[in-house]
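Heads up: the structure comes next, in structure tokens.
The values are calculated or read from the model by the stated rules, or taken from the named source; none is laboratory data. Values in this document were obtained by computation on a predicted structure and should not be read as measured data. With ideal geometry, Cβ positions are generated from the backbone for all residues, glycine too; neighbour counts draw on all protein chains shown. To get the accessible areas, we keep the full protein, side chains included, count just its heavy atoms, and leave off ligands, DNA and RNA. Shrake-Rupley method; radii C 1.70, N 1.55, O 1.52, S 1.80 Å.
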Amino acid sequence: MNSNSTPQGNADTQLIAAPARPRFPFVILFLPWLLVVIVATLVTFILPESFSSTARIKIEHDHSDIPGMAERGAPGGYDPYYIQTELEVIQSELVLGKVIDNLDLNKEWGKKYANGERLKTPETLALLKSRMDLRPVRNTSLVEIRVFSEKADDAAKIANAVAEAYKAHRHEQRTQLSKGGIRALEEAYAENNVKIHHIRAEMAELAREQNTQDTSRLDEARGRLNDLQRFGQALFTKLAAEKTNASLPITSMVQIVDKAYPGIRPVRPNTPLNIAVGIILGGFVGLFLATLVYVLQLLAFRRESGIPRTQFSPGFRAVVHILIAVVVGFVIGYHCATPEGFTSPMVILLSLVLGGLASAYIELANLRLTTASAATPGQTKPNDAAE
């Protein structure tokens, strides 16, 4: 009776102990996706709304509206370095400080963000910079001043104030330079007139004292007088030109092309975009986690079932390593290369070499481990142990 029941019992035990092949965990794929979508949607609706307004200005070099009158800088083509410099000037305290004072933002934003306490100018300046976005229009002298705010009217008001403050700063700067130059020319002209007066007095004294045979000193004084008179005439011409140039209109240096107007609808947060990003990102996260769990379960199943692990050929692994190295090298080379240089090909070539070395190193390491495992004594097979 015992002999008849033993084979059947062993068979039942083998049937019960045989592991089942795992299925792809679609539940793990769905749950993270749903969680990410819910979080993205909640965050989108919790975030405060923000409006934007944009003012556009045209920036030129310092010159008057009437060309040819003692220009300090003639108008030229598109200069990216000059535009970038002026963008930094717009964001400086010289310009934004005037905006803060004109709109009294220390007090207004202190009520919103500091429990009614007046903010310090550096704090308000940092807040204002974080709400501004300056963008040059490509291949033009136009600059967009975009300002974000919780209220549409405030955004438009601040953007227009920044444009007006920069325009006033440029005009004030030019006026100060003109006044400084005119003052220096006036001082030089007055000093030159004093020298002319002294030489004329000296010539009158020499004319009374010198005899008719010795006229060298008088001729030398006449030469100096002529030089000073020519220099004085040049100073007078330059001074007149500078005064005329300072009186000319200078509206072309900074022109407000488009004023900012209150936005109709908020630009932040972008509800459709945020939800779409949440759906896509959640799908990637869920797929990654589900694939990871499925691979781990499949490896456990193969291990418990005694299925040997599939080994790829060394050539196939070497090709994979080299392809990965090429992709990495292309990405790095593309970001490092310049249009005139050969950085990208050099980086790709170096990546090929590194990929080959990495493949050779991995294959040698696998070969060494396999050889060491085969040479290790005292190992017994499972069938031998069972026997």
- Message: As an exercise, use a Förster radius of 56 Å and the Cβ-Cβ distance of Leu296 and Glu108 to find the FRET efficiency, rounded to the nearest 0.05.
- Response: 0.45
- With every protein chain in place, what's the accessible area of Lys243 (1.4 Å probe, Å², nearest 10)? 100
- Query: If you take the charge dipole of segment 224-303 about its Cα centre, with +1 on Lys and Arg Cβ and -1 on Asp and Glu Cβ, which of Pro266, Phe301, Ala241 is farthest toward its positive end?
  - Reply: Phe301
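In the neighborhood of Ser50, defined by Cβ-to-Cβ distances under 13 Å, what is the net charge if each Lys or Arg adds +1 and each Asp or Glu adds -1? Walk me through the numbers on the way to the answer.
Details: positive: Arg131, Arg146, Lys151, Arg265, Arg268; negative: Glu49, Asp133, Glu150, Asp154.
Result for the neighbourhood of Ser50: +1.
Using a 1.4 angstrom probe with every protein chain in place, what is the largest-first accessible-area order of Ile279, Ile182? Walk me through the intermediate numbers first.
On the way: Ile279 75, Ile182 25 Å².
So the residues, ranked largest to smallest area, are Ile279, Ile182.
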- How much accessible area does Glu150 have with a 1.4 Å probe, in Å² rounded to the nearest 10? 80
- Item | Across Lys111/Lys151; Lys58/Lys151; Lys120/Lys151; Lys58/Lys111, pairs whose alpha-carbon gap is larger than 24 Å | Lys58/Lys151; Lys58/Lys111
